[in-house]
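Trainee: Let me begin by handing over the structure; questions about it come next.
The values are calculated or read from the model by the stated rules, or taken from the named source; none is laboratory data. Predicted model, so just to flag it, every value in this text is computed and none were measured. Virtual Cβ from ideal backbone geometry, glycine too; neighbours counted across all protein chains shown.
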Amino acid sequence: MPDLAIAGGSAVRTKPFAHWPQYDERERRGVLEVLESRNWGGYPFPNKQAALFSERFAGHQDAKHALCAVNGTLTIEIALKAAGIKPGDEVIIPAYTFEATAVPVLRLGGVPIFVDVLPDTYCVDPEAATAAVTRRTRAIIPVHLAMNMADMDAIKDLAAKHDLKIIEDCAHAHGAKWRGRGAGSIGDAGSFSMQSSKLMSAGEGGVVTTNDDEMFELCQSYINCGRASQTDVYGHRIVGFNYRITEFQAAILLVQLERLAAQTELRSARAARLAEGLSRIPGLSLLERDERQTTQAIYQFVFKYNAEAFGGAPRDRFVAALEAEGIPSDGLFYEPVYRSPLFRVDPRDYPMLPITSGGGLPWQDARCPVAEQAAYRESVWLPHQLLLGDERDVDQIVEAIDKIRCNVGELLRADHKLIKIKGMNRAERPRFDA
């Protein structure tokens, strides 16, 4: 077996995988048409391109309504605000997610309550969520993570029992379906991100979906400076903001949506081949797919790494070796939000946060062992564009991993700067904003 690339050998793969984001003449033509129209902005709201995209995206996700906004973080905030979240309200959030799931709760004066995730899917553990409900709990944000959807049957039962609002974080779930229903159409609202790395991208952007007419009207007002321009049935008069997207972004998203179904199907086929190959390698295990998830959207292909089977080499060393073999990958993609350097909270900035008897933040003593195991020792993340090529691309991923397994001695001795980079916390090292 050849030497590992991280130890000076030749890499398994030397050519790049499929580029992302992808575009063709259709995006170019759409942007040029907007340019020449001189109608570039989000006003009159939602404007021509954004209105058309919202209608088509809502249909694609089986939602009654959709509205575009500037990014997926703000669409979570908009949905929470339309759901009536107020200062002091508690919102249950899985610990293993991007910080943007929790930050909007803080911005509204609410209290994020972090709970653990399931070891088989890395999505929110319904039992942990149930145990976290108090008289102050008002909502739950199930995160559809990487390639799995949260157990929406259990989440809906929990919400019905305790009168909670459900805001689905669908930043990874464009095209995903649960029992044949699109992500973002199952809870009270859904939030999608269109940031550069996502399954659909306009560079930035977000979409909020809902089946609730009154929530739809409130979301219009929060996005469009207090004005419900599409409907004004409920007569709300509120302070809104300008969170509109541009016509350039909407034109791009219209084309991105056209190719989403075919890309979803291709990723699924390549993921099945990759899963079959990885299943033959000792020390690796796959996440489970719930059969109720009838369509899988794969933002990242995630598998579990067992250090003991690789001579005790830590996960980050394995990921560094995989990178050196020409396979883009990540280990510390997310970490429990309560431990993240990107979630440093000064209580003086959030006076509505309850402080513990010892003077700490509400989550100061949070411990979510499954999330911590996934973040720091176990999970390996492969970006979705690796699944947009041919079968040989997938086979080379398996080949590179098997090469590392067969050269464990070199892996243990390797001591390169790349290992240090992959082991840095997420505030220190360069990466896509997730």
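Trainee: Return the total of residues in the stretch 146-168 being within 16 Å of MET215 (Cβ to Cβ) and not in a helix (DSSP H, G or I).
Mentor: Within the stretch 146-168, residues that are within 16 Å of MET215 (Cβ to Cβ) and not in a helix (DSSP H, G or I) number 6.
Trainee: Within the group TRP381, TRP363, which residue is within 24 Å of CYS123 (Cβ to Cβ), outside the structural domain of HIS144 (by TED's automatic domain parsing) and in a strand (DSSP E or B)?
Mentor: TRP381
Trainee: Given the criterion within 30 Å of PRO347 (Cα to Cα) and over 21 Å from the mean Cα position of the chain (by Cα), identify the matching residue among PRO16, PRO87, PRO44.
Mentor: Just one listed residue meets the conditions, PRO87.
Trainee: List every residue pair whose Cβ atoms sit under 7 Å apart, with the two residues 6 or more apart in sequence or on different chains, where the first one lies in the stretch 130-143 and is under 25 Å from ALA173 (Cα atoms) and the second, anywhere, is among the β-branched types (Val, Ile, Thr) and in a loop (DSSP other than H, G, I, E, B).
Mentor: Filtered contacts from the stretch 130-143: ARG138/ILE85; ALA139/ILE85; VAL143/THR97.
Trainee: Can you pull out the residues in the stretch 205-219 that are part of a loop (DSSP other than H, G, I, E, B) and under 21 Å from the mean Cα position of the chain (by Cα)?
Mentor: Those that are part of a loop (DSSP other than H, G, I, E, B) and under 21 Å from the mean Cα position of the chain (by Cα): none in the stretch 205-219.
Trainee: In the stretch 233-261, which residues are part of a helix (DSSP H, G or I) and among the charged types (D, E, K, R)?
Mentor: GLU247, GLU258, ARG259
Residues are listed down the side, and each one gets a yes or a no for (1) under 26 Å from VAL111 (Cβ atoms); (2) of a type in the set (Asp, Glu); (3) within 12 Å of the chain's Cα centre (by Cα):
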| position | (1), (2), (3) |
| --- | --- |
| HIS144 | yes, no, yes |
| MET149 | yes, no, yes |
| ASP153 | no, yes, no |
| ASP157 | yes, yes, no |
| CYS170 | yes, no, yes |
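Rundown of residues vs (1) surrounded by fewer than 18 Cβ atoms within 10 Å (Cβ to Cβ); (2) touching a Phe, Trp or Tyr at 6+ places or on another chain (Cβ under 9 Å), yes/no style:
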| position | (1), (2) |
| --- | --- |
| LEU287 | no, yes |
| ASP290 | no, yes |
| GLU323 | no, no |
| TYR338 | no, yes |
| LEU342 | yes, yes |
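Trainee: Condition (residue is in contact (Cβ under 8 Å) with a residue 24 or more places away in the chain, assigned to a helix (DSSP H, G or I) and not assigned by TED's automatic domain parsing to the domain that holds ILE78) applied to the stretch 281-297: is it met by at least one residue?
Mentor: No, because not a single residue in the stretch 281-297 is in contact (Cβ under 8 Å) with a residue 24 or more places away in the chain, assigned to a helix (DSSP H, G or I) and not assigned by TED's automatic domain parsing to the domain that holds ILE78.
Trainee: Related question: Of everything in the stretch 24-50 that's charged (D, E, K, R) and under 23 Å from CYS225 (Cα atoms), which residue is surrounded by the fewest Cβ atoms within 10 Å (Cβ to Cβ)?
Mentor: Checking each candidate, the answer is ARG38.
Trainee: Being of a type in the set (Val, Ile, Thr) and either in a helix (DSSP H, G or I) or out of contact with any helix residue (DSSP H, G or I) (no Cβ under 9 Å at 6 or more places or on another chain) (or both) is the filter; apply it to the stretch 325-360 and report the residue that is modelled with the lowest pLDDT.
Mentor: Here the answer is THR356.
Trainee: Now a separate question. Taking ASP151 as the residue in question, decide whether it is touching a Leu at 6+ places or on another chain (Cβ under 9 Å) and closer than 19 Å to HIS65 by Cβ.
Mentor: For ASP151, the condition - touching a Leu at 6+ places or on another chain (Cβ under 9 Å) and closer than 19 Å to HIS65 by Cβ - is not met.
Trainee: Since ASP163 meets every condition but one in (1) under 16 Å from the mean Cα position of the chain (by Cα); (2) of a type outside the set (A, V, I, L, M, F, W, C); (3) closer than 14 Å to ALA83 by Cα, which condition does it not meet?
Mentor: Result: ASP163 passes all but (1).
Trainee: Look at THR231 and say whether it is in contact with a His (Cβ under 7 Å, 6 or more places away or on another chain) and farther than 19 Å from GLN49 by Cβ.
Mentor: It is false that THR231 is in contact with a His (Cβ under 7 Å, 6 or more places away or on another chain) and farther than 19 Å from GLN49 by Cβ.
Trainee: Give me the residue from the stretch 3-18 that is in a loop (DSSP other than H, G, I, E, B) and touching a helix residue (DSSP H, G or I) at 6+ places or on another chain (Cβ under 7 Å) and, out of that set, nearest to LEU388 (Cα to Cα).
Mentor: Ranking the candidates gives ALA18 first.
Trainee: Mind checking which residues of the stretch 25-59 are in a loop (DSSP other than H, G, I, E, B) and touching a residue at least 40 places away in the same chain (Cβ under 8 Å)?
Mentor: ASN39, TRP40, GLY41, GLY42, TYR43, PRO44, PHE45, PRO46, ASN47
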